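The next block holds one structure in the form of structure tokens; read it before the comments.
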Amino acid sequence: MTQTKKTLLLIFLALSWSGLFFYQYLQPGEKHVPLKYKKGEVPRESESRRPPELPVKGDLLKFPKKNLEITKNIFAPIYIPPPPKPKVEPPPPPPPVVLPPAPSPEELARKEAMRLLSEFKYLGYLNKGHGKEQGFFSRGGELLIVGKEEVITGSFILKSIDPNQAVLKDKATGVESTLVLLNQ
């Protein structure tokens with residue numbers, strides 16, 4: 001903005017403010033009206049503003065006296081009845097216990113023979129040639145040397161033997177047990 005434009009703008013604003021100032025004072029304003037209420041006076045309403053009077057029935061204003069009866073204590077705790085108990089049906093009777101049949105004497109003898117055969121351990125193998133093979137077995141603390149098809153103890157016989165395994169058989173029950181050579 002140049003200096004001349006600034007000066008013109010200032011003159012324009014000064015003239016418009018002075019014009020508004022004179023307009024305000026030359027304009028006739030509102031009239032000043034004194035208040036109607038004066039201190040200490042009781043204001044009266046004009047008759048035109050008062051509504052017409054209605055007849056009042058006085059007998060309706062008189063309430064009959066009643067004794068106050070309290071029918072409910074509002075401060076008493078609220079009673080909520082518990083829900084009904086569910087019907088409990090007795091559990092069904094347990095199924096009958098079916099015991100397995102008692103083992104037969106043959107089964108008992110087979111189990112006993114398997115237990116006794118499990119006590120044997122195959123310790124070694126010896127081949128004397130001409131089909132004479134022998135095996136070294138232990139049972140508990142006892143060392144047994146037995147040839148093929150010979151009785152070890154009681155009714156146990158050495159059915160077959162080779163360098164890796166031996167087959168023991170109980171003559172009475174026919175139970176067989178295969179023993180593997182123990183590596184030491």
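Where a number appears in this text, it was derived from the coordinates with a stated rule and is not lab data. Please read all numbers here as calculations on a predicted model, not as lab measurements. Don't worry about glycine lacking a Cβ; one is built from the backbone with ideal geometry, like all the others, and counts go over all protein chains shown.
Structural remarks
- Nitroxide proxy distance, nm - points 7 Å out along Cα→Cβ at Lys159 and Lys36: 13.7 nm
- Contact order for the chain, expressed relative to its length and based on alpha carbon pairs under 8 Å spaced 6+ residues apart, stands at 11 percent.
- Computed [θ] at 222 nm, helices only, for the chain once each DSSP H run of length n ≥ 4 contributes -39500 (n - 2.57): -7000 deg cm²/dmol
- Rounded tilt (10° steps) of 3-26 against the dominant C-alpha axis of the chain: 60 degrees
- Computed from point charges on the beta carbon alone (+1 for Lys and Arg, -1 for Asp and Glu), the dipole magnitude for the chain about its Cα centre is near 2120 Debye.
- The simple Förster model, with R0 at 45 Å and r as the Cβ-Cβ distance, assigns Leu143 and Leu99 a FRET efficiency of 0.55.
- Cβ-based charge dipole, the range 105-180, positive-most Cα from Val146, Gly131, Leu168: Gly131
- Over the range 135-184 - Rg/Rh using Cα atoms and the Kirkwood inverse-distance radius: 0.94
- Principal-axis analysis of the Cα atoms of the chain puts helix 105-117 at an angle of about 80° to the longest axis.
- Taking the average, over residues, of other Cβ atoms within 10 Å as the packing measure, peptides 165-173, 147-155 rank 165-173, 147-155 from highest down.
- Mean Cβ count within 10 Å, highest first, over the residues of peptides 11-17, 59-65, 175-181: 175-181, 11-17, 59-65
- Within the range 56-146, the chymotrypsin sites (Phe, Trp or Tyr not before Pro) that combine a DSSP coil assignment with at most 16 other C-beta atoms in a 10 angstrom radius are Phe75, Tyr79.
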